[in-house]
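The values are calculated or read from the model by the stated rules, or taken from the named source; none is laboratory data. The structure displayed is predicted, hence computed values, not measured ones. Glycine gets a Cβ as well: all are built from the backbone with ideal geometry, and neighbour counts include every protein chain shown. For accessibility, only protein heavy atoms count, side chains too; no ligands or nucleic acids. Shrake-Rupley method; radii C 1.70, N 1.55, O 1.52, S 1.80 Å.
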Amino acid sequence: GVGSAVKICTTPPTGGNVDAFAIDSTSAHVVFAGDVLTNARRELFGVAIAGPAAQSVRLHLAADANENVSAFALAPDGARVAFLADLTTEGRDALWTAPVTGPDTAAVQAHADAVAGGAAVPPLAWSPEARGVAFLGDLLVNEQFLLWDADEAIFAADHEEGDTSEWSSAVP
């Protein structure tokens, strides 16, 4: 009815906005992006669809000046979100994944930093069973875009830090 709308994001600073959102497949959570904490710094947040706004949580560690989330996609099961952000090297978007409920420390970078000038780019496409994300990127050679897959084995391992000790040549 009239007056039943509930604001589910914090009030942004002057000039700030929420510019994108998506509802998870269970209709329990909303993921949204915008410069709601610091004007001109686009970050990613999650909140229960019923609110309140005070319970919205940033889904990655705090961004530094000029670091931004550029794109995001919810997993089909609604549990996680994949997003592109230059949180480790300014100007080089990496693929990250995080639970839609947070906390910010649960965000994981899904690949090593790209070569100078390189980055991951949209679109982001989750596999139907939500086990991995396909994306484009010029991670090895600047301006040579290849198709990449970051699956749950990469998310679980410390691949982004060069640790391949959990990997095996055996096919499960």
Can you confirm whether the range 133-150 contains a residue that is modelled with pLDDT under 90, open to solvent by less than 70 Å² (accessible area, probe 1.4 Å) and part of a strand (DSSP E or B)? yes
Checked the range 1-52 for anything surrounded by 13 or more Cβ atoms within 10 Å (Cβ to Cβ), in a strand (DSSP E or B) and not small (Gly, Ala, Ser); matches are 18, 21, 23, 29, 30, 31, 32, 43, 44, 45, 47
Looking only at the range 97-123, which residues are part of a strand (DSSP E or B), more than 13 Å from residue 80 (Cα to Cα) and open to solvent by 30 Å² or more (accessible area, probe 1.4 Å)? 121, 122, 123
Residue that is nearest to the chain's Cα centre (by Cα), among those in the range 1-39 that are hydrophobic (A, V, I, L, M, F, W, C) and at pLDDT below 90: 6
